[in-house]
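Report on one structure; see the data block that follows.
None of the figures in this text is laboratory data; all of them are computed from the coordinates on show. If you're wondering where the values come from, they're calculated on a predicted model, not measured in any experiment. Heads up, the Cβs are rebuilt from the backbone with ideal geometry, glycines too, and the neighbour counts pull from every protein chain shown.
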Amino acid sequence: MTEERVGVYVCHCGHNIAGTVDVEAVAQWAQTLPYVAVARDYRFMCSSLGQELIEKDIKELGLTRVVVAACSPHMHEPTFRGVSARAGLNPYLMEMANIREHASWVHRDDMAAATDKAKALVAGAVRRALELKPLEPFKAAIKETTLVVGGGIAGITAALEIANAGYPVVMVEREPSIGGHMAQLDKTFPTLDCSACILTPKMFDVGTHPNITLLTYSEVEQVDGYVGNFTVRVRKKARKINTDVCTGCGDCWSRCPAKVVDEVFEAGLGYRTAVYRPFPQAVPKYPVIDVESCIYFQKGTCRACEKFCPTGAISFDQEDEVIVLSVGNIVLATGYKTFDPRQIPQYGYGRLANVFTSMEFERMVNAAGPTGGKVVLRDGVTTPKSVGIIHCVGSRDHRFNRYCSATCCMAALKFSHLVKERTNAEVYQFYIDMRASFKDYEEFYVRILDEGAHMVRGRVAEVTDAARQPGEEGKLIIQVEDTLIGRQRRIPVDMVILMVGMEPQEDAVEISHLFGIGCSTAGFFTERHPKLDPVATMTDGIFICGACQGPKDIPESVGQGAATAARVLSLIGQKEVEIEPIRAQIDESRCSGCRVCNTMCPYSAIDYIEELGVSRVNPALCKGCGTCVAACPSQVITGQHFTYEAIMAQIEGLLYDVRSGNGHKTVAEPQPVEVA
Amino acid sequence: MTAPNGQYAYYPGCSLKASASAYERSAMAVLERLELRFVEIDDWNCCGATEYFSLNRLPAYSLVARNLALAAAQPTHELVAPCSACYLNLRKTDDHMRQEPKLKEQVNRALAAGGLHYEPGTLRVRHLLDVIIDDVGYEAIAAKVTRPLAGLRVAPYYGCLVVRPFESDDPEYPTHMDRLLEVLGATVVDFPMKAHCCGGHMTQISEDTAFELIRRILHNAAAYQADVIVTVCPMCQLNLDAYQGNVNRRFGTAFNLPVLYFTQMMGLAFGLQPEALGIGSELVPAQAALNKIGQVPAETPRHTPKRRDKDALPMPSRQRR
Amino acid sequence: MPEGPNGRTFYQRVVQATPGGKSLAQCLQCGSCGGSCPSGPDMDHSPRQLFAMIMAGMEDEVLSSNTPWHCVSCYYCTVRCPQQIPITDLMYTLKQMAIARGKYRESGHVDFSNSFIGMVERFGRSFELGLATRYHLTHNPLKMVSKGTLGLQMMVKGRLSPLPESIRNMPQLTAILTEAKRIAAQQEV
């Protein structure tokens, strides 16, 4: 080995590290480690001056390895690899020691211990750096097709932006039509423009765009590959309709005798038939047969739709279809579901007829909804004279969702306006804190105040039909502390609307596993960086937008949808992408061909070569996770960049006795344990 | 049966030996039918009700902990209390001692003065209602029913402490006793006030407060045309039963709602004689109401539109998603 | 912020004396407690207001409030609080502190509790007849008439014992309670 020369760079990160870790001491101490040619500390290593400092040392001092003790490699590994590359050093010979997240941030109250830990981390990184081998990244062409999962307003925006730039898009939507929650709404805050009027042209564009392939009533089943080259398996559920001949005329659903409550599009407020199209502007225009409620499928007779279909489009025998897509990037826009208020029995939903959810009310005020836009009680005829709107149902609550659902305050104000407009009823808003913090929102709030809404500050204790005093009989009584008066009030109303919060989709965690991305404990997908990279994920080539990332309203969802499109287009524009060369490698001369690794590999990246009797890794599919490395009984699989030598060296470095001063002692060799 | 060797340590509490002796009588009669073995804790003391915790918390915990220590000496880990307040105090003491090492240490120092020790978590503290429902089960109970309570409209009154703060069922709208009473053949009325407060010790301290709380519950049970209110706690029974006359006088109402224990209802359905269940010791006599057993019940008043009423919108199901 | 013994603020003392009390810091002032309280209308401050006052260090006003004394221990506030604040247990803490400082106004509550505990400390069991007699005789002799009628009815039905029942090992219980009181006296509330 030629004499190695290691440079160690300890970052202050302003006060973030230096406030807790004695960075100067760490640098001085690092200087004493074997092979360390230079050790420096600096305010911000990631600044251009900090970068230039490292570059200059590499060139002038002839450094052969670089250790940067700073933040998480998630944050700045690319930065410092770039520094090394510019100075002519192979970027994979740069190693980071995370002394911020792993030391200063978690040991704020103990500077001495944090400093010791930082030294140990640096020692480990230096030892590891000495074992690293130069690597060359793979280059792979980026497929131009993008998969967009979810056809709500966020996904629609992303798809149209990419398609308009001239690149192909495949959109997969679980429901029979695209449109998402926005299609259910009547008016949108704060402008009160008609939701359908602004959404349906975009839906139409998606349906007819030459660059967009639309797969509705379909779900992604499997995802393989990596940025630029994903292979995606999609199950296209059987519509039981031959869409080649169906004209969407409606003869089938107008004759269908099976009626069920529509829990999806009508939010439970209306009925649909077994063969149905969720709403008139649905894209595509074709209906589906819901096998669960179809009399023919359940009882074996009926076939009314088939008899009346003028084009013979009913296809009871149609089977699910599996489609395999090859795409370069993936945009997830899988949206949200609403909180089920039956979890708060004291609000009476499901027991008291005239308690409605906000989604039910959206359908009620929609001119195309079950009541034709009339605001009525559950009996379908009586106009309410007073309406109570309860905020934060299932939100800001330890028992359910601790977060604020962000959209309900404004939606509640919108409801106030719509109730007034259609019934002139008294409206009471029960809120904890009013949140109206975007453009024109506060002005909308004031407008609703002008319209005479009664604002009661207090989280509602209960909604009851148990009348206690005169005037309460036959009413729903809202019991609440009016916190601005400091007194308990019982306000009798005819109708109650529960502003139910936004929640991750039921299967959000499974979706995150399917696509290999992170997901918060609540179930919202995790962005790469909350401020600076809000639509990317930790998995290259997979982006997120809309409410699957967290509660948000339409403008924000549209903004994110467009942002994902920009990110995708920027990757497509690069034509090819560099891929980490960190892969498993099998020493075929020592492989026994036991095939243990073949079944262990979560990415099916290891093939057995029959004629040679050995296993071989397909580097295009391998993600470098290391499962096979650990599993191989003959220990002949090496994880590049994470070799046994590098890992053991790092552990030895971490176990240096930093307090003894010279830092050269390692702990005693582990003794074999007697097994009884 | 979750108790090992089928045995339970039994903490009756003071009321069951006096004002609620009917509760103990009926409970014992029913337990015999259900073949549950309850062994009364030897020389147990009062749990302090809601009073001791208001004055001095450490003696209050220590008072309760003596019972826990005595119960833990029995060859079972299941401790059962039929009174909701006793149940809460026993369970709260165990729970708080587990949560707070300092409290555990101090309580045990006090217990040591009497030669006792209690390790929190040793016992599983349970209410009689939960034991009967969870350990025996609806099916086994149904098998013992010989005289179904058909024709009787009952309001299941849980009160507070059996469902709050430790939640054995939904703390807002519990239904496990509803199902039990249905298994016995009774018609269970919807009863929004089922878990509201009976006034507790306020009957002694502030009648203004207490009588209004009692009135609300009686009013609601009457509005839903209940024949009987069924309770799980001696304090609830006492307040709703003994003060019903006072409430009627104060508010000019004419409530005549007998208040019985769930164990009395079980005993009746099991074919036991009313006297053997302590029926007759209630101040609002139950006999007239109980005569309805076997008759055709009055129809339940409808509060919600039917799904297919001509103009009506669909009613959401009660089932959570 | 006015400080109490050992330099701890009123807020800190309240929190430390209540199992799970730390969550009080997260109070949103939403009023779920005050809205849910069955005796809320009788209280001079809603529990929520007391919490704001505790945080503002208004010790005298808080401990003179009738609010904790109207608490019926129904635990609705506790299970409904979105921040999982143990409100009912906080009320117990405040009652104790008020007694220790001699701050409570409505003596009825305290005296009832004292009468009750007196029975328990004497016999190890509560004794309903003795309790009613002693408490109402000292407080509201006129009420004894109506209570007396009720008591008679109860006795006729065999629900009121004329004699107190005692546990066997009173010395043990007394030793435990004495030691507990001694430990309690060493700590400030």
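Values computed for the structure shown
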| quantity | calculated |
| --- | --- |
| Principal axes of chain A: Cα extent on each, largest first, Å | 89, 70, 61 |
| Top positive-direction residue, dipole computed over chain A with Cβ charges, set A:147, A:418, A:113 | A:418 |
| Unit charges at the beta carbon, dipole of region A:6-137: most positive-side option, A:44, A:6, A:71 | A:6 |
| Positive-end residue, the protein assembly as shown charge dipole about Cα centroid, Cβ charges, pick of C:169, A:361, A:518 | C:169 |
| Estimated dipole of chain A in Debye, rounded to 20 [Cβ of Lys and Arg +1, of Asp and Glu -1, Cα centre] | 1080 debye |
| FRET efficiency, residue A:596 to residue B:142 (Cβ-Cβ, R0 41 Å, nearest 0.05) | 0.15 |
| Evaluated at q = 0.13, 0.18 Å⁻¹: base-10 log I(q)/I(0), Debye formula over Cα of region A:584-639 | -0.24, -0.46 |
| Low-density loop positions, GluC sites (Glu not before Pro), region A:491-561 - DSSP coil, at most 12 other Cβ in 10 Å | A:506 |
| Gyration tensor (alpha-carbon) shape descriptor, region A:338-503, a/c threshold 1.5 | rounded |
| Under 5 Å, built H, 5+ apart or other chain: amide partners of residue A:583 | A:640 |
| Karplus-derived 3J(HN,Hα), 6.51/-1.76/1.60, for each residue of region A:605-620, Hz, glycine and proline x | 9, 10, 10, 9, 8, 3, 5, 9, x, 9, 9, 9, 8, 8, x, 6 |
| Under 20 Å from the Cα of residue C:95 - lysines, other chains or at least 8 residues apart | B:92, C:22, C:103, C:181 |
| Eligible aspartates and glutamates near residue A:202 by straight Cα distance, threshold 18 Å, same-chain separation 8 or greater | A:161, A:173, A:175, A:186, A:193, A:553, A:556 |
| For residue B:124, distant residues with modelled amide H under 5 Å away | B:78, B:79 |
| The protein assembly as shown: calculated mean residue ellipticity at 222 nm from DSSP helix runs of at least 4, using -39500 (n - 2.57) | -10500 deg cm²/dmol |
| Check: the protein assembly as shown dipole with +1 on Lys, Arg Cβ and -1 on Asp, Glu Cβ, in debye | 2400 debye |
| Candidate lysines - alpha carbon under 29 Å from residue A:259, same-chain residues fewer than 8 apart omitted | A:187, A:236, A:237, A:240, A:285, A:299, A:307, A:337, A:374, B:306, B:310 |
| In degrees, nearest ten, helix A:73-86 long axis to first principal axis of chain A (Cα) | 50 degrees |
| Prolate/oblate/rounded label for region A:251-308 (Cα gyration tensor, a/c 1.5) | oblate |
| Centroid-to-centroid separation of region C:61-102 and region A:362-404 [C-alpha atoms, Å] | 35 Å |
| Ranked A:110, B:43, criterion: other C-beta atoms within 10 Å, fewest first | A:110, B:43 |
| Spin-label zone in region B:93-137 - amide nitrogen under 16 Å from a point set 7 Å from the Cα of residue B:77 along the C-beta vector | B:94-95, B:98, B:119-126 |
| Tensor-based shape of the protein assembly as shown (alpha-carbon gyration tensor, a/c under 1.5 rounded, otherwise prolate or oblate) | oblate |
| ³J(HN,Hα) computed for each position of region B:112-118 - Karplus, 6.51 cos²θ - 1.76 cosθ + 1.60, integer Hz, glycine/proline x | 4, 4, x, x, 10, 8, 9 |
| Residue order, fewest to most surrounding Cβ atoms within 10 angstrom, among B:270, A:361 | B:270, A:361 |
| Rough spin-label spacing in nm, given labels placed 7 Å along Cα→Cβ, for residue A:52 and residue A:531 | 2.5 nm |
| Per-residue Cβ neighbour rank within 10 angstrom, fewest leading, B:201, A:529 | A:529, B:201 |
| Spherically averaged projected area in nm², based on the convex hull that wraps the Cα atoms of chain B | 18.6 nm² |
| Translational diffusion of region B:1-52, µm² s⁻¹ [Kirkwood Rh, Cα pairs; Stokes-Einstein; 10 °C; 1.306 mPa s] | 129 µm²/s |
| Interchain or long-range residues, amide H under 5 Å from residue A:526's placed H | A:518, A:519, A:520 |
| Nitroxide proxy distance, nm - points 7 Å out along Cα→Cβ at residue A:326 and residue A:60 | 5.2 nm |
| Phi to ³J(HN,Hα) by Karplus 6.51 cos²θ - 1.76 cosθ + 1.60 over region A:30-42, Hz, x for Gly, Pro | 4, 4, 8, 6, x, 6, 7, 8, 8, 9, 9, 10, 7 |
| Test item: Cα-centred dipole of region A:338-503, Lys/Arg +1 and Asp/Glu -1 on Cβ, debye | 200 debye |
